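Asks: For reference, the structure I am asking about is given below.
The values are calculated or read from the model by the stated rules, or taken from the named source; none is laboratory data. Just so we're clear, the structure is a prediction, and the values are computed from it rather than from any experiment. Every residue, glycine as well, gets a Cβ built from its backbone with ideal geometry; the counts of neighbours run over all protein chains shown. Protein only, heavy atoms only, side chains kept; ligands, DNA and RNA dropped before computing areas. Shrake-Rupley method; radii C 1.70, N 1.55, O 1.52, S 1.80 Å.
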Amino acid sequence: MLRTAGLIAVAAVIGLVAGTAVGYGIQADREPTALPPLNQPGLAYPAKPLPKGQEPAPLSAKEDHQAKAQGDLRKLLVPRPAGAEPAGEDGWQSLSGYVNGFTRPDRALEFQLDQGIRRIATRAWRVGEYRRVEISLVQYRSTSGNGALEHTTGQQGYAISDGRSGSFGQPVKGSGNGRYFVYPVEREAGYMDSYVARAFIQRGDIAITILMSDTKKIAESEIRSLAERQLGRL
């Protein structure tokens with residue numbers, strides 16, 4: 001399976017700041033001093049309703065990312081390229097099938113349930129004899145926090161810390177926090193060369209994972225372009 005990265009929680013450093021509470025009393029024989037007025041009293045927007053006919057137009061279904069995400073998630077997957085052959089999942093994927101692609105399926109299952117996973121849409125294809133690509137859109141329930149962000153940063157953290165990528169990755173244009181990684185070749189006597197590239201992106205309540213492998217070198221532009229195209233569909 002391509003998805004060999006296990007979920008590893010990224011360590012957070014929490015600083016504890018101790019504060020001292022001080023009570024203030026007002027003398028009975030003088031009036032309390034009034035507080036100065038706010039510098040920006042009119043913080044509400046808009047301060048009053050806009051005149052009829054000047055209200056902003058509602059977002060179209062194409063512009064409303066949240067509306068698109070609530071529809072058929074499978075339709076948001078990048079289409080399989082011309083000439084490519086199906087190579088595994090193509091549509092809805094079960095949670096058990098998804099976590100079985102991780103090094104520690106039991107840990108992966110526990111994490112996904114804790115984060116409030118909702119559904120998974122996956123598309124995998126093969127080009128030529130050895131080039132394989134897999135894209136997964138993992139959606140989480142909004143009531144459970146930000147599972148998409150947790151999943152994405154966890155996978156990015158693993159990609160950085162396992163030492164194989166040799167870098168912090170490169171940002172995915174237009175994503176805010178997405179990154180892609182191109183790994184150095186892995187060589188082992190008796191086996192063909194192995195090249196891997198990955199991308200991990202969060203858009204709203206959806207975590208995007210893109211995995212690419214081949215026996216020939218994967219150009220950085222290939223994983224970058226695919227990541228940008230998939231992000232553009234959400």
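Asks: Go ahead and run the numbers for FRET between Leu149 and Val185, Cβ-Cβ distance against an R0 of 30 Å, rounding to 0.05. Kindly include the intermediate steps, with their values, before the conclusion.
Replies: On the way: r = 32 Å, r/R0 = 1.05.
FRET efficiency, Leu149 to Val185: 0.40.
Asks: Can you give the direction-averaged projected area of the convex hull of the alpha-carbon atoms in the stretch 173-234, in nm²?
Replies: Numbers: hull surface 17.4 nm².
It is 4.3 nm².
Asks: Follow-up question, since we're still on this one. Could you give the accessible area per residue of the stretch 91-234, probe 1.4 Å, as a whole number in Å²?
Replies: Numbers: 6740 Å² over 144 residues.
Computed with neighbouring chains in place, this is 47 Å² per residue.
Asks: How big is the shadow of the Cα convex hull of the stretch 109-234, averaged over all directions, in nm²? Before the final figure, lay out each step's value.
Replies: Working: hull surface 33.0 nm².
Across all orientations, the stretch 109-234 yields a mean hull projection of 8.2 nm².
Asks: Rg and Dmax of the stretch 131-201, Cα atoms, in Å?
Replies: 14.5, 50
Asks: Stokes-Einstein at 20 °C, 1.002 mPa s, Kirkwood radius from Cα pairs: D for the stretch 83-141 in µm² s⁻¹?
Replies: D, rounded to a whole number, is 174 µm²/s.
Asks: Leaving ligands, DNA and RNA out of it, work out the accessible area of Phe111 with a 1.4 Å probe and give it in Å² to the nearest 10.
Replies: 50 Å²
Asks: Leaving out ligands, DNA and RNA but keeping every protein chain, what accessible area does Leu95 have, in Å² rounded to the nearest 10, with a 1.4 Å probe?
Replies: 50 Å²
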